[in-house]
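So the structure is just underneath, and the comments pick up after that.
The numbers here are math on the coordinates, done by the rules we state, and not lab data. As the structure is a prediction and not an experimental result, all values here were calculated from the model. Backbone-built Cβ (ideal geometry, glycine too); neighbour counts: all protein chains shown.
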Amino acid sequence: MNEIALQIHSLPYLPQILTLVAAMLTALFVITVVGRLMAYTGPASSRALADYTGQTRPASPVEQFGAWLERKSPSLADRLSMKNHLRWLELTGDAPSSAMLLGQATLFFLVFMSLGALTKNAGFVALAFIAAAYPYIRVRSRANAMRSRVDRSLPDLAALISAEMAAGNPPDKALRRAAAWGGPLAAIVQRAVQQSTASGLPLFSRERMEGALVRTVSRYDLTSLQSFIRQLDLAARKGSAGPEQMQRLAHTMILTHKERALREAEKLDGQLAVPAVLFFFLPFLIFILAPMMYPVLAILGD
């Protein structure tokens, strides 16, 4: 064992590799902890009072710093706003502001650049850019998960509206009942209902006038959702033929999602092959076989 340990320590660039790995793990830990702390910055009493009264929570120092950066460089802030992704997170009430994202990214960048300057390690410079991108990557990942959740809920919503219309309820009443269903898709429907009530705009389209439902859904970049709402809007204008068309639409969506789920299940084995190789076989080759092959490589080198 001592000989193997000596051989491992004699490997070229091993201290640098271990230092870089340790720095990456430390960076991941710092990003996670600081991100959690930033999300809850501010006194607990002020947050509780804001939640109770329904008022907007006071901006944290990080968010104020991000807002100051947005005022100083509005063009950069507009490119990094991620409005389309944040709009999806607003459905659950867990969306950070664009100022918070910019403030977090800038602080992460400055912290790791300072560590790189103090330790004179170039690895921290690379980690600075990774850490700065982390808040945006996290928001994008959460927004994509929300899109997938809404897409999976479409057949259920179609079946619910179809059942309501088959029971003799008008399309607008069926949609209002669906808004009380719960979940992010129901939250989108609820926003359309609220917009229709507040503005006096009809919920469904009429001739050349676009309805509140279509206008609300057009703000969310999900093709399957927009296609479904367009077909629902068309079925709502069919009069007595609307329930039958809605039933066909619900049946088609259920079959389409079922076929897609079966195709994705068939591809799952192939998708798991690469992670299995990276996380199981590759570490085995590096940490077990590499020290055993080092004497052979040393003899061949001589």
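So how do 151-158, 92-99 stack up, highest first, on mean other-Cβ count within 10 Å?
In descending order of packing, they fall as 151-158, 92-99.
Over all directions, how big on average is the projection of the convex hull of the alpha-carbon atoms in region 94-198, in square nanometres?
8.5
Mind listing the phi-derived Karplus ³J(HN,Hα) values for region 272-279, rounded to whole Hz, using 6.51, -1.76 and 1.60 with θ = phi - 60°, and x for any glycine or proline?
Karplus values, whole Hz, x for Gly and Pro: 7, 5, 5, x, 5, 5, 5, 9.
For region 149-264, take N as its residue count and report Rg(C-alpha) divided by 2.2 N^0.38 Å.
Rounded to two decimals, the normalised Rg is 1.00.
Normalising by the residue count of region 149-264, find the relative contact order in percent from Cα pairs under 8 Å and 6+ residues apart.
This gives 29 percent for region 149-264.
Sort 141-147, 101-107 by packing, meaning the average of other beta carbons within 10 Å per residue, with the highest value first.
Ranking the peptides 141-147, 101-107 by packing returns 101-107, 141-147.
So which lysines pass the test for Lys258, namely a Cα distance under 29 Å, with those fewer than 8 places away in the same chain ruled out?
Lys173, Lys238, Lys267
Ratio to report: Rg/Rh of region 179-228, with Cα atoms as the point set and Rh obtained by the Kirkwood method; give two decimals. Provide the component values of the computation, followed by the final result.
Numbers: Rg = 10.7 Å, Rh = 11.1 Å.
Value, to two decimals: 0.97.
Nearest 0.05, what FRET efficiency do Ser141 and Ala241 give at R0 = 51 Å with Cβ-Cβ as r? Could you put the intermediate results ahead of the total?
Details: r = 43 Å, r/R0 = 0.83.
The value I calculate is 0.75.
Straight-line reach from Lys83: which lysines fall under 24 Å, measuring Cα to Cα and dropping same-chain residues less than 8 apart?
Lys72
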